[in-house]
1. When segment 75-106 is examined, which residues are found to be hydrophobic (A, V, I, L, M, F, W, C), outside any helix (DSSP H, G or I) and either open to solvent by 20 Å² or more (accessible area, probe 1.4 Å) or over 22 Å from ASN34 (Cα atoms) (or both)?
2. Would you tally the residues in segment 308-327 being at pLDDT 95 or above and of a type outside the set (D, E, K, R)?
3. Pull up segment 58-74, narrow it to residues that are in a helix (DSSP H, G or I) and touching a residue at least 24 places away in the same chain (Cβ under 8 Å), then point me to the one that is nearest to ILE309 (Cα to Cα).
4. For segment 182-198, name all the residues that are touching a residue at least 40 places away in the same chain (Cβ under 8 Å), in contact with a helix residue (DSSP H, G or I) (Cβ under 7 Å, 6 or more places away or on another chain) and open to solvent by 20 Å² or more (accessible area, probe 1.4 Å).
5. Which is basic (Lys, Arg), at pLDDT below 95 and either out of contact with any Ser or Thr (no Cβ under 6 Å at 6 or more places or on another chain) or under 15 Å from LEU211 (Cα atoms) (or both), of LYS257, LYS305, LYS285?
6. Which of the residues belonging to segment 216-261 are under 15 Å from the mean Cα position of the chain (by Cα) and either more than 21 Å from ALA153 (Cβ to Cβ) or of a type outside the set (Lys, Arg) (or both)?
7. Any chance you could count how many residues in segment 28-57 are in a strand (DSSP E or B), closer than 18 Å to GLU98 by Cβ and open to solvent by 60 Å² or more (accessible area, probe 1.4 Å)?
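The values are calculated or read from the model by the stated rules, or taken from the named source; none is laboratory data. In this text the structure is predicted, and so the values were computed from the model without any measurement. Counting neighbours? That spans all protein chains shown, and the Cβs are built from the backbone with ideal geometry, glycine included. Each accessible area value is taken on the protein alone, full model and side chains, heavy atoms only, with ligands, DNA and RNA left out. Shrake-Rupley method; radii C 1.70, N 1.55, O 1.52, S 1.80 Å.
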Amino acid sequence: MQKSLIIFIILLLGCSSKRSAIGEYNVIDVFCSNEDKQLVQPLIDEFFSLELNLPQPEKLYSISWHEPHEFSEYTNRHNLMVVSLVNPVDETGDRLFERIHNAISSTDSVIAIENMYSLNQIFLGIQSFDAFQLKQQLQNYHNWFYDELNNTAHNTMIAYAKSKGENSSLSQHILDVFDVDIMIQKDFKFLQDTSEPPFLWIGRGYPYRWLSFHEVDFDDISSPDETWVLLEILLESTIGSIEITGDFRSSEIVKHKSRSVPLLRGNYFHPENDSGGPFFTMFFKKPESGYLLISGFVNYPGHDKIALIKQLEAIVLDADIGHSNGN
């Protein structure tokens, strides 16, 4: 059987009467028959095992398992997933997948539907002949599944941030100085501001979150090791005597819409408070020369930090940054 995918997007006009999804942005509610689950669960759990060290490991996405007859109780959640195996045969998971299949007039075995029941929601469906084929499909569509989930998470976090109000004067200052049109929540305040070279440090109270903006004349960031050295010197010399640790450093390319942005991720320590936490730095190429660096920091001892750091990332990625596209 040929396997393909479709993206069925509900137009905004059709979504006008829908409410926003509820619950944790990174919980995936998976619906699967009892017959299939013993074969499916190890594959799905492994597929969604990616973690960030903040510094304690936290999963990007968590799985919550349900039986197919419970599906209608969760249609207001952010991430829904139906997994069905043709072999072994069952009368619950197979029927649920086919019912949704028929409703959208699809012949595809891997599907994604945005805002099917609620706003800021993604429905993922996958039907496989057996567990072996499911494993292959998950491998083939790995990036696509994560792109769909990450896009929904981004929209969810931006909607939440905007609902809390904007510090319009601070947003305007960043636009004037750095040519960055960014939504800064109303409870952020100035911590430090210098004009030469341009540097801004802003933050908000408990749970503590910071954002910093630097314009730098880095010529080349192709070597993560060399870039880490430059970044460590820069941050420690400008932001409140923090220390960038050597733990859990990583580099990646984050994507949003047509933008691809280099990112370094690590942990920091703040001796003044005898605590620290995770941080990231995104690098945006300036049109003439050098880079704009935007960093986000979280300090929330004893609590999960994944939602806080991801919300800061979403705010930065959602910004309109001059003519820079991060390439």
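1. Passing the criteria: VAL86, VAL89, ILE104.
2. 9
3. Ranking the qualifying residues of segment 58-74, first place goes to TYR74.
4. MET183
5. Testing whether each residue is basic (Lys, Arg), at pLDDT below 95 and either out of contact with any Ser or Thr (no Cβ under 6 Å at 6 or more places or on another chain) or under 15 Å from LEU211 (Cα atoms) (or both) leaves just LYS257.
6. Once the filter is applied, which keeps residues that are under 15 Å from the mean Cα position of the chain (by Cα) and either more than 21 Å from ALA153 (Cβ to Cβ) or of a type outside the set (Lys, Arg) (or both), segment 216-261 yields GLU252, ILE253, VAL254, HIS256, SER260, VAL261.
7. Going through segment 28-57 one residue at a time, the tally reaches 0.
The rows are residues; the columns are (1) under 22 Å from ASP304 (Cβ atoms); (2) out of contact with any Asp or Glu (no Cβ under 7 Å at 6 or more places or on another chain); (3) of a type outside the set (Val, Ile, Thr).
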| position | (1), (2), (3) |
| --- | --- |
| TRP201 | no, yes, yes |
| TRP210 | yes, yes, yes |
| TRP228 | no, yes, yes |
| LEU235 | no, yes, yes |
| ILE253 | no, yes, no |
